[in-house]
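The values are calculated or read from the model by the stated rules, or taken from the named source; none is laboratory data. The structure presented is a predicted model; accordingly, all values stated were derived computationally and were not measured. Heads up, the Cβs are rebuilt from the backbone with ideal geometry, glycines too, and the neighbour counts pull from every protein chain shown. Each accessible area value is taken on the protein alone, full model and side chains, heavy atoms only, with ligands, DNA and RNA left out. Shrake-Rupley method; radii C 1.70, N 1.55, O 1.52, S 1.80 Å.
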Amino acid sequence: MVKVLDQETASGPDCSDQDGILARMAEPIDSSLADAELAAFIDAVRRDPGPPARAVGAVDLRRAQRLRAEVRPPGPEIAHVEDLTVGSAALGARLYRPSAAFWPLVVFLHGGMWTIGDLESHDRACRRLAMRTGMAVLSVDFRRAPEHPWPAAVDDCVDAIRWAAGGGGSGVGFEGPTLVMGDSSGGNLAALACLRLRDEGGPLPAAQILLYPNTDLTLSCPSASTKATGWGLTADDVAWGAEQWVPDPSRRAAPGASPLYAADLRGLPPAVVVTAEHDPLRDEGDAYAARLAEAGVPVRHRREAGMVHGFLTLDTLSPAAAEAGERVFADVADLLDHVR
């Protein structure tokens, strides 16, 4: 089975605030970044951060993201790419297959603060994932907030995983293990889907891959303060997204929204958890990896040094981000060998 790679890192932080750490000012923004291109990107963001998400709103954020996706270099050519509907809810989805052969499947859940992100925003990432792992990839267009608050997205992701684990429709071209993968809020959804499927008797994915995941919607871990601004994603933007998705503050610490608060993580699928050094979500992702390991779940955990949130979709501007993505793809391929 997959082992914990770095016991010191995998032990994770204690997200309590016994020493008043959350009251500190955010740390100086002079720490090293992974390469010059990433440093230039962050410098540009610091000089002109633009308005916060709560001042822009979901509709305009989505419009801006679509424009960025349109000018981004396309991903690698894939033998078979097909838009289809999946599950009992007839969700939109996009299936990537490296060839006409039948392949194991990754169900991919995109990030975007539960409010933005779609099949186009992560098309390049899904193409890279399919090509590097040799697996089929099913990207799910689940419902987003604020139009569809919690738990709509969890319901959709569970439905899609059940559909995939059952073999999907005829001729879809995948068989064997089904894995689930998500970045950022998509990592939150992947973790929540695994918890619900465990509690409801499955079928569980063979593994879960969580990239810089949201696991604590209360933003109580130290990095939400120390990395709150100056690194691309701001803690306030994350808070705004959580408010859109879970409007009732009393529900944000519920295990059904914040997997870090689940009382029992035993019996969950083997996991890859990758966090980034300069990310407000870093500590909650590290803490979740630690709790999985403590519950006996096989965990491969890595904190990417000098890296920022969202590196999976920053590959065209930073060679270091591209390399971090390649390491994730290698993790997925290796994990597949352990769960076949």
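Listed by first and then second residue, the pairs with beta-carbon distance under 6 Å, at least 6 apart or on different chains, first residue in segment 195-220 and more than 21 Å from GLU304 (Cα to Cα), second among the basic types (Lys, Arg) and surrounded by 24 or more Cβ atoms within 10 Å (Cβ to Cβ), form an empty list. Scanning segment 119-142 for residues that are within 15 Å of GLY75 (Cβ to Cβ) and in contact with a Ser or Thr (Cβ under 9 Å, 6 or more places away or on another chain) yields LEU119, SER121, HIS122, ASP123, ARG124, ALA125, CYS126.
Which of the residues spanning segment 254-268 are more than 19 Å from PRO149 (Cβ to Cβ), surrounded by fewer than 23 Cβ atoms within 10 Å (Cβ to Cβ) and of a type in the set (A, V, I, L, M, F, W, C)? ALA262, ALA263, LEU265 - these are the residues of segment 254-268 that are more than 19 Å from PRO149 (Cβ to Cβ), surrounded by fewer than 23 Cβ atoms within 10 Å (Cβ to Cβ) and of a type in the set (A, V, I, L, M, F, W, C). What tally of residues in segment 269-284 results from selecting those that are part of a loop (DSSP other than H, G, I, E, B) and open to solvent by 10 Å² or more (accessible area, probe 1.4 Å)? Going through segment 269-284 one residue at a time, the tally reaches 1. At pLDDT 95 or above and over 17 Å from the mean Cα position of the chain (by Cα): does that describe PRO269? So PRO269 fails the test.
Of the strands (runs of 3 or more DSSP E) entirely within segment 95-213, those holding at least 1 residues that are more than 26 Å from ARG327 (Cβ to Cβ) and in contact with a Leu (Cβ under 7 Å, 6 or more places away or on another chain) occupy 136-141.
Are any residues in segment 62-80 of a type outside the set (D, E, K, R), touching a residue at least 24 places away in the same chain (Cβ under 8 Å) and either within 23 Å of GLY168 (Cβ to Cβ) or open to solvent by 100 Å² or more (accessible area, probe 1.4 Å) (or both), and if so, which ones?
Residues of segment 62-80 of a type outside the set (D, E, K, R): 64-65, 67, 69, 71, 73-76, 78-80.
Filter once more, keeping what is touching a residue at least 24 places away in the same chain (Cβ under 8 Å): 65, 69, 73-76, 78, 80.
Hits for segment 62-80 are PRO74, GLY75, ILE78, HIS80.
Scanning segment 298-328 for residues that are in a loop (DSSP other than H, G, I, E, B), over 25 Å from GLN65 (Cα atoms) and open to solvent by less than 10 Å² (accessible area, probe 1.4 Å) yields no hits at all.
Cβ-Cβ distances below 6 Å connect no pair with a first residue in segment 91-102 that is within 11 Å of GLY134 (Cβ to Cβ) and small (Gly, Ala, Ser), a second residue that is at pLDDT 90 or above and surrounded by 15 or more Cβ atoms within 10 Å (Cβ to Cβ), and a separation of six or more residues or different chains. For ARG251, the conditions (1) open to solvent by less than 40 Å² (accessible area, probe 1.4 Å); (2) closer than 13 Å to LEU217 by Cβ; (3) touching a residue at least 40 places away in the same chain (Cβ under 8 Å) all hold with the exception of (1). Could you list, in sequence order, all residues of segment 79-103 that are modelled with pLDDT of 90 or more and of a type outside the set (Gly, Ala, Ser)? Answer for segment 79-103, where residues must be modelled with pLDDT of 90 or more and of a type outside the set (Gly, Ala, Ser): HIS80, VAL81, GLU82, ASP83, LEU84, THR85, VAL86, LEU91, ARG94, LEU95, TYR96, ARG97. Out of segment 120-138, which residues are within 26 Å of THR234 (Cα to Cα) and within 14 Å of the chain's Cα centre (by Cα)? Scanning segment 120-138 gives SER121, HIS122, ALA125, CYS126. Among the residues of segment 329-340, the one identified as open to solvent by less than 20 Å² (accessible area, probe 1.4 Å) and either touching a Gly at 6+ places or on another chain (Cβ under 6 Å) or charged (D, E, K, R) (or both) is ASP331.
Table: residues versus (1) among the charged types (D, E, K, R); (2) at pLDDT 95 or above.
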{"position": "PRO149", "(1), (2)": "no, yes"}
{"position": "ALA160", "(1), (2)": "no, yes"}
{"position": "PHE174", "(1), (2)": "no, no"}
{"position": "LEU179", "(1), (2)": "no, yes"}
{"position": "ASP183", "(1), (2)": "yes, yes"}
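Hey, among the residues in segment 99-112 that are of a type outside the set (S, T, N, Q) and open to solvent by 30 Å² or more (accessible area, probe 1.4 Å), which one's nearest to SER184 (Cα to Cα)? Restricting to residues being of a type outside the set (S, T, N, Q) and open to solvent by 30 Å² or more (accessible area, probe 1.4 Å), the top hit is TRP103.
Conditions (1) farther than 26 Å from ARG143 by Cβ; (2) among the charged types (D, E, K, R), marked per residue:
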site: LEU219; (1), (2): no, no
site: LEU233; (1), (2): no, no
site: ALA253; (1), (2): no, no
site: LEU260; (1), (2): no, no
site: GLY267; (1), (2): yes, no
site: ARG282; (1), (2): yes, yes
site: ALA290; (1), (2): yes, no
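Of all positions in segment 141-163, at least one carries a residue that is without any contact (Cβ under 8 Å) to a residue 24 or more places away in the chain, of a type outside the set (Val, Ile, Thr) and open to solvent by less than 20 Å² (accessible area, probe 1.4 Å).
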